Amino acid sequence: METYAGIDLHSSNNYIGIINEQDQRLYGKRIPNELDRVLMALEPFRDTLQGVVVESTYNWYWLVDGLQEHGYKLHLANPSAIKQYEGLKHTDDKSDAFWLAHMRRLNILPEGYIYPKDERPIRDMLRRRLLFVRHRTSHILSLQSMITRNLGFKMSGNTIKKLKEEEVEGMFDSSNLVFIAQNNIATIQFLKKIIKDIEKKVKTQVKLRKEFEMLLTIPGIGNILGLTIMLEVGNLNRFVQVGNYSSYCRCVGSSRISNGKKKGENNKKNGNKYLSWAYVEAANFAIRYCTKAQSFYQRKKAKTNGIVAIKALSNKISRASYYVMRDHVPFDEEMLFR
């Protein structure tokens, strides 16, 4: 007898549902998020289990890693692609768990990528770097707007990054404004140090693999963006075609078309937000240093707007990088912008 398990995971507990090949429910119970308790529940079915399905929630690491270490075959379910029939009047954690097991039994489960455990902390460190970069940007913009509001001129972001606390003492006529500005500068400098420390630590632990070295030949992609793309992509072979890759990078449009008319949008957030950010950053750098990229951007911008133009350029760069990584060849701008 073959059995299949589905686990509906939450922050403090999970519901385990186990079925057989006839879809008969053999086990269903809610238990706390303790690995020993999960293993105890699965143990009677160990020899017949064909797979354990865990929904890809924010806290799946501990459960998937723990079950894999104990010899179970794990499947990570893509939550945006496993919706049940919308006509159902009632669903709960129990029905969700058995639905996961049911899809695994039918071999129609949309699966996510289980990133290798050893490389995951380094990837997550770069993700935290992006969080600190965004915090720093918010403080730069806050100080920039305060200067414009009170002094009537705009100070560039690069100038603000270089400011020291004592330099703003005579800038404002109010001690309260000076106090706020000095705290902004102190926070910016503090976050700058954290960002540099993370970059240094990442660079000492990991180097671009051979298939990713050619990324650095693409205008706009430097060491940090190259490492980000490499660590977020993982195994490139999981993308069968270039369209699958650009879609995963959130570089393609999301729309619902019926009878030639747009009826709405699908899930435009489906994909990797960190790769999306990396390619938008690459596009912004490319229009500074690549003449053909700048020309493409200007043509698109004239027809639409700057945001759409940058997104279109990021899509072209993502598609080019797929072939660069897959074929181990340097970037050729003539092929991309011919």
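A few notes on this one:
- Among the residues of this structure, Ile317 counts as one that is part of a helix (DSSP H, G or I), β-branched (Val, Ile, Thr), in contact with a Gly (Cβ under 8 Å, 6 or more places away or on another chain) and assigned by TED's automatic domain parsing to the domain that holds Gly234.
- Selection within the stretch 268-296 - under 25 Å from the mean Cα position of the chain (by Cα), assigned to a helix (DSSP H, G or I) and not small (Gly, Ala, Ser): Lys273, Tyr274, Leu275, Trp277, Tyr279, Val280, Glu281, Asn284, Phe285, Ile287
- Residue list for the stretch 201-210, restricted to those being surrounded by fewer than 14 Cβ atoms within 10 Å (Cβ to Cβ) and either within 15 Å of Gly222 (Cβ to Cβ) or hydrophobic (A, V, I, L, M, F, W, C) (or both): Lys203, Lys207
- Top-ranked residue in the stretch 27-77 [being assigned to a loop (DSSP other than H, G, I, E, B) and touching a residue at least 40 places away in the same chain (Cβ under 8 Å); ranked as farthest from Ala5 (Cα to Cα)]: Asn59
- Residues that are surrounded by 15 or more Cβ atoms within 10 Å (Cβ to Cβ) and of a type outside the set (D, E, K, R), drawn from the stretch 38-56: Val38, Ala41, Leu42, Phe45, Leu49, Gln50, Gly51, Val52, Val53, Val54, Ser56
- Residue in the stretch 266-280 that is touching a Pro at 6+ places or on another chain (Cβ under 9 Å), surrounded by 15 or more Cβ atoms within 10 Å (Cβ to Cβ), in the same structural domain as Ile218 (by TED's automatic domain parsing) and modelled with pLDDT of 85 or more present: no
- Check on Lys161, among the charged types (D, E, K, R), surrounded by fewer than 17 Cβ atoms within 10 Å (Cβ to Cβ), outside any helix (DSSP H, G or I) and outside the structural domain of Phe45 (by TED's automatic domain parsing): no
The values are calculated or read from the model by the stated rules, or taken from the named source; none is laboratory data. Computed from a predicted structure; not experimentally measured. Cβ: placed from backbone, ideal geometry, glycine included. Neighbour counts: every protein chain shown.
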